[in-house]
C-alpha cells in the first residue's frame, strides 16, 4: 500500500488557486482510476479514494495544518513515510516544472513544515509543482492564494497531467524512476 497526498486548502474560494495544485493533481489521478476511485470522507480530516494499491488523500484542513491528518492516515493503514508521496505547489519553480525528491527540508513551504512536524521526519518523497515565479511587489501569500490566469491554462493542465503521470510512475516503479523521467527543465524555459 502506498499513499499519494495532495496538499491544498478547502473551500470554494481556494479551489482554483495556485496553492491547490497538489489537490488538482490528486484529482486527476482519481479521475483516471474511475470507477475504482471514489471520494470518501475520512473522519472529517480529508477526502480519501483508492486507485489499485494506492490511497489518494486530500487533507481537508488548511495547508499549514496538513500534517496531522496525513500522519493519522499513515498510522491507520500502517504505511511508512517512505511509501508516501506528497504533491504540492512551489512558487520557486517556474510554472509547469516538476521536481521530485526522495526527502529534504520544507523549503519554507508551510504544508511541508506541518508534515515534517507531524511525521517527525523529512524522509518522505515529495513532488513539487512549479507555480512561479512570484512577481515583484506581490506578497508570496497573496500570489499562492491567487487563481491561475487564463493565459496559464494550457501550461497548468499539462503540469497537472504530468504530475499525475509522475505520481503513478512512482507508485509502480519507485522514486528513482520517477525522478529520472520527470526532473528536467521545461523545453521552453529560458536560460536566464
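The values are calculated or read from the model by the stated rules, or taken from the named source; none is laboratory data. As the structure is a prediction and not an experimental result, all values here were calculated from the model. Note: ideal-geometry Cβ built from the backbone for every residue, glycine included; neighbour counts use all protein chains shown.
What to note about this one:
- Single condition residue 158 does not satisfy, out of (1) within 16 Å of residue 22 (Cα to Cα); (2) in contact with a strand residue (DSSP E or B) (Cβ under 9 Å, 6 or more places away or on another chain); (3) touching a residue at least 24 places away in the same chain (Cβ under 8 Å): (2)
- Complete set of residues in the stretch 51-80 that are out of contact with any strand residue (DSSP E or B) (no Cβ under 7 Å at 6 or more places or on another chain), surrounded by 15 or more Cβ atoms within 10 Å (Cβ to Cβ) and closer than 13 Å to residue 4 by Cβ: 51
- The set of residues in the stretch 113-138 that are assigned to a loop (DSSP other than H, G, I, E, B) and surrounded by 12 or more Cβ atoms within 10 Å (Cβ to Cβ) comprises 121, 122, 123, 124, 125, 133, 134.
- Residue list for the stretch 97-111, filter: under 24 Å from residue 30 (Cβ atoms) and either surrounded by 23 or more Cβ atoms within 10 Å (Cβ to Cβ) or free of Cβ contacts under 8 Å to residues at least 12 places away in the same chain (or both): 98, 100, 109, 111
- Scanning the stretch 65-96 for residues that are under 22 Å from residue 177 (Cα atoms), in contact (Cβ under 8 Å) with a residue 24 or more places away in the chain and part of a loop (DSSP other than H, G, I, E, B) yields a count of 2.
- Residue 128 satisfies every condition listed in (1) at pLDDT 95 or above; (2) in contact with a strand residue (DSSP E or B) (Cβ under 7 Å, 6 or more places away or on another chain); (3) farther than 27 Å from residue 33 by Cα except (3).
- Residue in the stretch 139-147 that is in contact with a strand residue (DSSP E or B) (Cβ under 7 Å, 6 or more places away or on another chain), in a helix (DSSP H, G or I) and farther than 16 Å from residue 6 by Cβ present: yes
- The stretch 50-80: number of residues that are under 18 Å from residue 171 (Cβ atoms) and over 15 Å from the mean Cα position of the chain (by Cα): 10
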